[in-house]
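First the structure, then my questions, so here it is.
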Amino acid sequence: MATKVFVHGSGHKATSWDKTISHMASHEDIVCPNLSSLLEGKAARYENLYSSFARYCNEIDGKIHLCGLSLGGILALNFALDSPQKVKTLVLIGTPYKVPKAAFLFQNMIFRFLPESVFEPMAFGKKDTFALGNTMKALDFTDRVKNIQCPTLILCGKKDGANIKSARFLSQNIKGAELKILEGTGHVVNEENPEILANILTEYYSMNA
């Protein structure tokens with residue numbers, strides 16, 4: 001049985017998957033890495049995070065089902081492109097295929113005025129959030145997504161205005177990809193609509209066992 005790897009976004013931690021997993025038929029084959037822990041003290045740069053994530057995935061025996069949200073989706077997409085032989089299925093939730101520069105700059109401007117305490121529930125502290133973000137500004141998978149080889153499911157909350165265009169682009173440019181838009185849901189699908197997400201994932205994995 002292939003291991004399911006659920007990867008959280010930058011605004012949350014591995015525990016953000018708990019509610020979704022609680023509604024799934026099987027839990028034993030699911031792992032949820034904490035992205036900050038994967039760095040093991042290395043600088044918060046995308047290349048460091050990605051290389052640590054790739055090593056984590058490659059240390060799992062056999063093929064894996066990758067499911068990522070936001071930053072987690074970017075990492076999952078990147079790995080599926082670099083290591084197609086390792087990835088059995090790919091689920092991308094609220095995932096941009098390139099970093100939107102205008103939105104990124106606006107977010108950074110807002111973040112600068114927020115106290116450190118606001119970042120405590122997030123994957124990274126204030127300093128590391130900025131450092132990581134600054135190394136991701138040039139990320140762009142526009143010309144590579146057509147090379148995805150595994151079965152792919154694209155999910156996006158209907159209220160996730162920042163990523164719904166990306167979801168449609170990915171579904172149109174990844175061969176055979178399936179797109180589901182979740183009504184009444186925003187960006188953090190695994191916390192806003194965990195039971196629906198669990199049902200979708202359970203069905204998807206049963207079809208791609």
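The values are calculated or read from the model by the stated rules, or taken from the named source; none is laboratory data. Predicted model only: the values in this text are computed from it and were never measured. Here the Cβ is made from the backbone with ideal geometry for all residues, glycine too, and neighbour counts use every protein chain on show. Just the protein is used for accessible areas: all its heavy atoms, side chains included, with ligands, DNA and RNA removed. Shrake-Rupley method; radii C 1.70, N 1.55, O 1.52, S 1.80 Å.
Helix 194-207 against the longest principal axis of the chain: what's the angle in degrees, Cα atoms only, rounded to the nearest 10?
Here the helix axis deviates by roughly 40 degrees.
Ok, one more. Whats the longest run of the chain with zero GluC sites (Glu not before Pro) that are DSSP loop and have at most 15 other Cβ atoms within 10 Å?
With GluC sites (Glu not before Pro) excluded where exposed in loops, the chain gives 60-182 as its longest stretch.
Let me ask something else. Grab the DSSP H runs of the chain that are 4 residues or longer, score each as -39,500 (n - 2.57), total them, divide by all residues and round the 222 nm result to the nearest 500 deg cm²/dmol.
Working: 9 runs with 82 residues, N = 209.
Calculated at 222 nm, the ellipticity per residue is -11000 deg cm²/dmol.
Given a 1.4 angstrom probe, I'd like the percentage of the accessible area of the range 125-209 that is carbon and sulfur, rounded to a whole number.
Ligands and nucleic acids excluded, carbon and sulfur reach 49 percent.
Which residues in the range 119-134 have a backbone N closer than 17 Å to a point placed 7 Å from the Cα of residue 51 along the Cα-to-Cβ line?
Inside the label zone: 132.
Report relative contact order for the chain in percent, whole number only (criteria: Cα-Cα under 8 Å, sequence separation at least 6). Could you put the intermediate results ahead of the total?
Working: 362 pairs, mean separation 50.9, N = 209.
Relative contact order here is 24 percent.
Need the full-extension length gain, residue 42 to residue 181, defined as separation in residues times 0.36 nm minus the C-alpha distance. One decimal, nm.
46.4 nm
In terms of Cα to Cα distance under 23 Å, which lysines are near enough to residue 63, apart from those fewer than 8 places away along the same chain?
4, 86, 88, 146, 175
With charges only on Cβ, +1 for K and R and -1 for D and E, what is the dipole size of the chain about its Cα centre, in debye, rounded to 20? Working shown, then result.
On the way: 23 positive and 20 negative charges, 154 e Å.
For the chain, the charge dipole is close to 740 debye.
Could you give the angle, 0 to 90 degrees to the nearest 10, between helix 101-111's Cα long axis and the longest principal axis of the Cα atoms of the chain?
Between the helix axis and the principal axis of the chain, the angle is about 60 degrees.
Specify the inter-centroid distance of the range 142-209 and the range 8-69, based on alpha-carbon positions, in whole Å.
Rounded to whole Å, the Cα centres lie 17 Å apart.
Pick out which of 65, 187, 27 has the largest mean-square fluctuation in a Gaussian network model of the chain, springs linking Cα atoms closer than 10 Å.
27
Quick one: grab the alpha carbon gyration tensor of the range 1-91, order the square roots of its eigenvalues as a ≥ b ≥ c, and give me rounded if a/c is under 1.5, else prolate or oblate depending on whether a/b is larger than b/c. Display every interim value, and only then the final one.
On the way: a/c = 1.75, a/b = 1.18, b/c = 1.48.
It is oblate, given that a/c is not under 1.5 and a/b is not larger than b/c.
Right, next: Say we join alpha carbon atoms closer than 10 Å with springs in a Gaussian network model of the chain; which of 93, 30, 74 then has the biggest fluctuation?
30
Would you mind classifying the chain by shape? Square roots of the alpha carbon gyration tensor eigenvalues, ordered a ≥ b ≥ c; an a/c under 1.5 is rounded, otherwise it is prolate if a/b is larger than b/c and oblate if not. Display every interim value, and only then the final one.
Details: a/c = 1.34, a/b = 1.30, b/c = 1.03.
Rounded, because the longest to shortest axis ratio a/c is under 1.5.
At 0.36 nm per residue, and after removing the present C-alpha to C-alpha distance, how many nm does the segment from residue 82 to residue 146 gain when stretched out fully?
Stretched out fully, the residue 82 to residue 146 stretch lengthens by 21.8 nm.
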